[in-house]
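The next block holds one structure in the form of structure tokens; read it before the comments.
The values are calculated or read from the model by the stated rules, or taken from the named source; none is laboratory data. Since we're looking at a predicted model, the values are computed, not measured. Cβ placement follows ideal geometry from the backbone for every residue including glycine, while neighbour counts extend to all protein chains displayed.
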Amino acid sequence: MRRFMFLLGALLTIGCSSSADAPLNNAVPPVAERKASTPVRADSPVPGLPTSVPANSTYTDLNEKSCKELTPAADDDGVIYKGECPGTAGFKVTNLSTDHTQGLVITDPTGRSHKVDFRGPLGTAADVFLGDKIEWRTKATEQGTMPYAIIVRVNVQKEPGNSEKQDSNLAVAKITNDMICVTDIVPPSQKDQNMRARELSDTATNRQCMNTKLK
């Protein structure tokens, strides 16, 4: 009996000692062992939000119904049609057509005129005719909505007088305080041609003007 009581006491002593030393599964680690949380900067961009003002598009119709016909000036060499078309944000568009080509003159709000050449950037002396619209790429600024680029469809005839055979390109032109010029030509072979032209227009102000002289 005495031997049984001795063994029972020993077992109780071991059990109590083990319970007291065992850590709890949900115990909070000591302060010195905690990982410091990463501070959030006040100017850190919020994930999922744009880092700049989004771009928008507005359009100018180039057809004769939307433009006011003007009398070609003496220095408008070969021009058979001249029309002033409504622009945007104080910009004006003059549509010039000859028998073999079509071009644009864009006048900025300060009154400076910029001739936009397409044959040079395309590297062709073939007949060139524009699409029915200009797409203005614009952004909201402190001065109001301002354009920074345009996109124009430029059709190049492969055979003189045959409108059925032509390449339909998209020309991207940048608009800065100093100039308006073509920076990119997106060929018809480009997948998602319209989307690519818009992508290029959004960075056009960072690129140089394309060569305007035919080789």
Check your understanding: Under the condition of being of a type in the set (Asp, Glu) and free of Cβ contacts under 8 Å to residues at least 24 places away in the same chain, which residue from segment 166-188 is farthest from GLY123 (Cα to Cα)?
Key -> ASP178
Exercise for review: Provide a single number: the residues in segment 113-147 that are assigned to a strand (DSSP E or B) and farther than 18 Å from VAL182 by Cβ.
Suggested key: 8
Point to revise | Matching residues, segment 164-183, being farther than 25 Å from GLU84 by Cα and out of contact with any Pro (no Cβ under 7 Å at 6 or more places or on another chain) | key: GLU164, LYS165, GLN166
Exercise for review: May I ask you to say which residue of THR124, THR145, THR141 is surrounded by 15 or more Cβ atoms within 10 Å (Cβ to Cβ), at pLDDT below 95 and out of contact with any Leu (no Cβ under 7 Å at 6 or more places or on another chain)?
Suggested key: THR124
Review point. So which residues in segment 180-212 are in a loop (DSSP other than H, G, I, E, B) and of a type in the set (A, V, I, L, M, F, W, C)?
Key: CYS209, MET210
Point to revise | Enumeration of residues in segment 82-100 that are in a strand (DSSP E or B) and surrounded by fewer than 17 Cβ atoms within 10 Å (Cβ to Cβ) | key: GLU84, PRO86
Exercise for review: Of the conditions (1) modelled with pLDDT under 95; (2) under 18 Å from the mean Cα position of the chain (by Cα); (3) of a type in the set (D, E, K, R), ARG153 clears all except one; give me its number.
Suggested key: (1)
Practice item. Could you check ALA204 against (1) touching a residue at least 12 places away in the same chain (Cβ under 8 Å); (2) more than 13 Å from the chain's Cα centre (by Cα) and say which number it fails? Key: (2)
Revision key, fill the gap. Only one of (1) basic (Lys, Arg); (2) touching a strand residue (DSSP E or B) at 6+ places or on another chain (Cβ under 6 Å); (3) free of Cβ contacts under 8 Å to residues at least 60 places away in the same chain does not apply to LYS191, and that is (2)
Review point. Inside segment 55-74, can you point out the residues that are of a type in the set (Lys, Arg) and modelled with pLDDT of 95 or more?
Key: LYS68
Study note, to complete from the structure: Flagged in segment 167-185 as surrounded by fewer than 18 Cβ atoms within 10 Å (Cβ to Cβ) and either under 15 Å from the mean Cα position of the chain (by Cα) or not small (Gly, Ala, Ser) (or both), in numbering order, are ASP167, THR176, ASN177, ASP178, MET179
